[in-house]
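What follows is a set of notes on a single structure, which appears directly below.
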Amino acid sequence: MRDIAVFSGSAHPELAEEVTAHLGVPLSPVRVNRFANDCLEVQLQANCRERDVFLIQPLVTPVQENLVELLLMCDAARGASAGRITVVMPHYAYARSDKKDAPRISIGGRLVADLLVNSGASRVLALTLHSPQVHGFFSVPVDHLHALRELAEHFRGYDVSRTTVVSPDLGNAKEAAAFARMLGVQVAAGAKQRFADDRVAISSVIGEVAGRDIIVLDDEIAKGSTVLELLDRLRELGARSIRVACTHGLFASGALKRLSDQPDVLEIVCTNTVPIPPAEQTGKLTVLSIAPALAEAMRRIHNGESVSALFDPS
């Protein structure tokens, strides 16, 4: 790892420190200045010339600030003659803006992908993109990881003989089915209709949930409206116990507290792709680290090894 340089933006330095600890390399310093006119300036304070540069920055709140900071980091690395620039983006917030579903609407996922490439990114390492087609928005190679192994390893610590994995909607059913296969359990899915950003309806659940231990699996939880609606259906159908799992725990607008206040929710599990302030955490929350997987993927990218082999069941 001699010719590698790893930098972190302001979004999640704790994750970056954990990743570099697994890699056995130092986390190089970054200086961010804010001018009187509110513009940002970024300086990478380590040599980048002809080095394999990794920039770790999830797009989390405040998303626009962190995005501009990441673009400036890419531009700084390109201007410093970096050999290759890999953007490590554990959470890509604009992946939700993936299609034109209303007149004269922007497709933010594709636009931000273009901005990253034009600012100097030559490769992207992402984790659990909200929609598969977002992968194709980038004109540079994308290594797309998932956190199903880490989540499955956690739930193997429980008795899963009477467990059903439930996807809140059919769009996430493929990932839920893969997760269920890892645990050797059944899978079910909700029939969801979305009316607004925070208003959904789940008319039914396809699959066996009565008398079963349920693991609700979603890619991310923002306001939690979908999961709360699904919990109502699971109660009506007679679920025995409920646990909630996701990769990206955004937990906006008090969602974590609302979920934790549900008496039949035993546990809420997420990964550390998104920083969760200690003051907002609850006793039901379990945060799994994705740093070892990110570090191994970065090591493989640096050494020219297969990243997809990480998910080979053999």
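Over the chain, what percent of the accessible surface lies on carbon and sulfur atoms, probe 1.4 Å? Please report the intermediate quantities before stating the final value.
Working: 7110 of 14110 Å².
On the chain, the fraction of accessible area on carbon and sulfur atoms equals 50 percent.
Taking a probe of 1.4 Å, how large is the accessible area per residue of the chain, in Å²? Let's see the in-between values first.
Numbers: 14110 Å² over 314 residues.
About 45 Å² of surface per residue is accessible.
LEU40 versus ARG162, label points 7 Å from Cα toward the beta carbon: distance in nm?
Once both label points are built, they end up 5.0 nm from each other.
Which sequence of ARG78, ARG181, ARG212 reflects their accessible areas, 1.4 Å probe, from the largest down? Don't skip to the answer; put the middle values down first.
Values: ARG78 115, ARG181 170, ARG212 30 Å².
Largest accessible area first, the list is ARG181, ARG78, ARG212.
Let me have the 222 nm mean residue ellipticity of the chain computed from DSSP H runs of 4+ only, each contributing -39500 (n - 2.57), with the sum over all residues rounded to the nearest 500. Each step should come with its number before you reach the end.
Values: 8 runs with 89 residues, N = 314.
Dividing the helical sum by the residues of the chain leaves -8500 deg cm²/dmol.
Ranked from the most accessible area to the least, with a 1.4 Å probe and all protein chains present, what is the order of TYR158, TYR92? List each step's numbers first, then the result.
Values: TYR158 80, TYR92 10 Å².
Correct descending sequence by accessible area is TYR158, TYR92.
Between 0 and 90 degrees, rounded to the nearest ten: what's the tilt of helix 108-118 against the longest Cα principal axis of the chain?
The answer is roughly 20 degrees.
Top to bottom by accessible area (1.4 Å), largest first, where do PHE35, PHE179 land?
Values: PHE35 100, PHE179 0 Å².
Largest accessible area first, the residues go PHE35, PHE179.
Non-local amide H neighbours of VAL216 (under 5 Å, H modeled in plane, Pro and chain starts lacking H): which ones?
Those qualifying (amide H under 5 Å, at least 5 residues apart or on another chain) are VAL166, ARG243, VAL244, ALA245.
Under the Karplus relation 6.51 cos²θ - 1.76 cosθ + 1.60, θ = phi - 60°, what is the ordered set of whole-Hz ³J(HN,Hα) values for region 245-260, x standing for Gly and Pro?
9, 7, 7, 9, x, 6, 6, 7, 6, x, 4, 5, 5, 4, 5, 5
List the pairs from LYS100/LYS223; LYS192/LYS223; LYS99/LYS192; LYS257/LYS284; LYS223/LYS284 whose alpha-carbon separation is above 20 Å, in the order I gave them. All intermediate terms of the calculation are to be shown ahead of the outcome.
Working: LYS100/LYS223 23 Å; LYS192/LYS223 16 Å; LYS99/LYS192 18 Å; LYS257/LYS284 10 Å; LYS223/LYS284 17 Å.
With Cα atoms farther than 20 Å apart: LYS100/LYS223.
Can you grab the distance from the C-alpha centre of region 236-264 to the C-alpha centre of region 70-109, Å, no decimals?
Region 236-264 and region 70-109 have Cα centres spaced 30 Å from each other.
The values are calculated or read from the model by the stated rules, or taken from the named source; none is laboratory data. The shown structure was predicted, so the numbers you read here are calculated from the model rather than taken from an experiment. With ideal geometry, Cβ positions are generated from the backbone for all residues, glycine too; neighbour counts draw on all protein chains shown. Ligands, DNA and RNA are stripped out before the accessible areas are found, and what is left, the full protein with its side chains, is counted by its heavy atoms. Shrake-Rupley method; radii C 1.70, N 1.55, O 1.52, S 1.80 Å.
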